[in-house]
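Trainee: Okay, here's the structure, questions in a sec.
A short reminder: the numbers here are calculations on the coordinates, not readings from a lab. Everything numeric in this text was worked out from a predicted model, so none of it was measured. Every residue, glycine among them, receives a Cβ derived from its backbone with ideal geometry; neighbour counts consider all protein chains shown.
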Amino acid sequence: KRTVVLISGRGSNMTALIAAAADPTYPAEIVGVISDRANAAGLGIAQSRGIATKVIQRADYASKDAHDDAIDAALTGFGAEIVALAGYMRILGRGLVEKWQGRMVNIHPALLPAFKGLDTHARAIRAGVRIHGCSVHFVTPEMDDGPVIAQAAVPVMVGDNEDTLAARVLKVEHRIYPLALGLVAEGKARMEKGHTVFAHFAD
Ligand code: GRF
């Protein structure tokens, strides 16, 4: 399935998806990367892997709707069948999300539905939870609210700070994102009536 990745920064999850897709048996192909920031480090990484990139900045458009329309047009231009948000730090409008619903996934650095939003690692430490992690989910108009496809848990260690915990979570992000995207691309995980439905193993 033709997949476009949306990023805003470093792009390490994008890089993990590109690496997985290098295997010819992997069901998704990364055909393009879109960033809302011209200086996103991930853009150079994508280019070095021979993947087409596009910068679509909010400041270049008169309204949020016009920015969303430009993203939608770029997705269509890439022939996207699946959209993978990977550290994309902007909330997409309802119209765009509803159009791509069931075909758009995101990775969130917490075990949803806990710790939606920003600063998840600092908040997990403050809350005193002993288990933390990450989730890949279908994107719905409400932020970090869509049905979960895959999760991975890590321990919160005594003495952890935001950075040590983030690094531990990031490692498992790079494992579960390719796994979850593969399930969606193969049709083994799909969104139905607000839930994720998994194919039976017999299929
Ligand atoms: C990741 O922790 C992701 O879960 C969150 O933002 C971070 C992006 O990192 N949404 P990267 O750009 O994939 O390296």
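Trainee: Compactness ratio of the range 42-82: Cα Rg over 2.2 N^0.38 Å, N = residue count?
Mentor: That ratio works out to 1.30.
Trainee: Of all DSSP beta bridges located in the chain, what percent are antiparallel, nearest 5?
Mentor: 50
Trainee: Hey, fewest Cβ within 10 Å first, where do D72, D65 land in order?
Mentor: Arranged by neighbour count, lowest to highest, D72, D65 become D65, D72.
Trainee: Could you list M14, M89 so that the one with the fewest beta carbons within 10 Å of its beta carbon is first and the one with the most is last?
Mentor: M89, M14
Trainee: Let me ask you something else. Could you give the dipole magnitude of the range 50-203 about its Cα centre, charging the beta-carbon of Lys and Arg +1 and that of Asp and Glu -1, in debye to the nearest 20?
Mentor: 300
Trainee: If N is the number of residues in the range 116-203, what value comes out of its Cα radius of gyration divided by 2.2 N^0.38 Å?
Mentor: Dividing the Cα Rg of the range 116-203 by 2.2 N^0.38 Å gives 1.22.
Trainee: Next question. Once each part is reduced to its C-alpha centroid, what is the distance from the range 28-85 to the range 176-201 in angstrom?
Mentor: One Cα centre to the other: 23 Å.
Trainee: Work out which helices of the chain, taken as complete DSSP H runs, extend at least 30 Å along their axis over the Cα atoms and score a mean Kyte-Doolittle of 0.0 or more, then list them.
Mentor: Those that pass (Cα extent of 30 Å or more, hydropathy at least 0.0) are 162-185.
Trainee: How big is Rg to Rh over the chain, alpha-carbon atoms, Rh as the Kirkwood inverse-mean-distance radius?
Mentor: Checking Rg against Rh, the ratio lands at 0.96.
Trainee: Computed over the Cα atoms, what is the radius of gyration of the range 66-142 divided by 2.2 N^0.38 Å, N being its residue count?
Mentor: Dividing the Cα Rg of the range 66-142 by 2.2 N^0.38 Å gives 1.27.
Trainee: In a shell of Cβ-Cβ distance under 15 Å around A62, excluding A62 itself, what net charge do Lys and Arg (+1) and Asp and Glu (-1) give?
Mentor: Counting the neighbours of A62, the net charge comes to -2.
Trainee: Under a point-charge model restricted to the Cβ atoms of Lys and Arg (+1) and Asp and Glu (-1), what is the dipole moment magnitude of the range 124-203 relative to its Cα centre, in debye to the nearest 20?
Mentor: 220
Trainee: Please give the net charge around T15, taking every other residue with its beta carbon less than 15 angstrom from that of T15, where Lys and Arg add +1 and Asp and Glu add -1.
Mentor: With Lys, Arg at +1 and Asp, Glu at -1, the net is +2.
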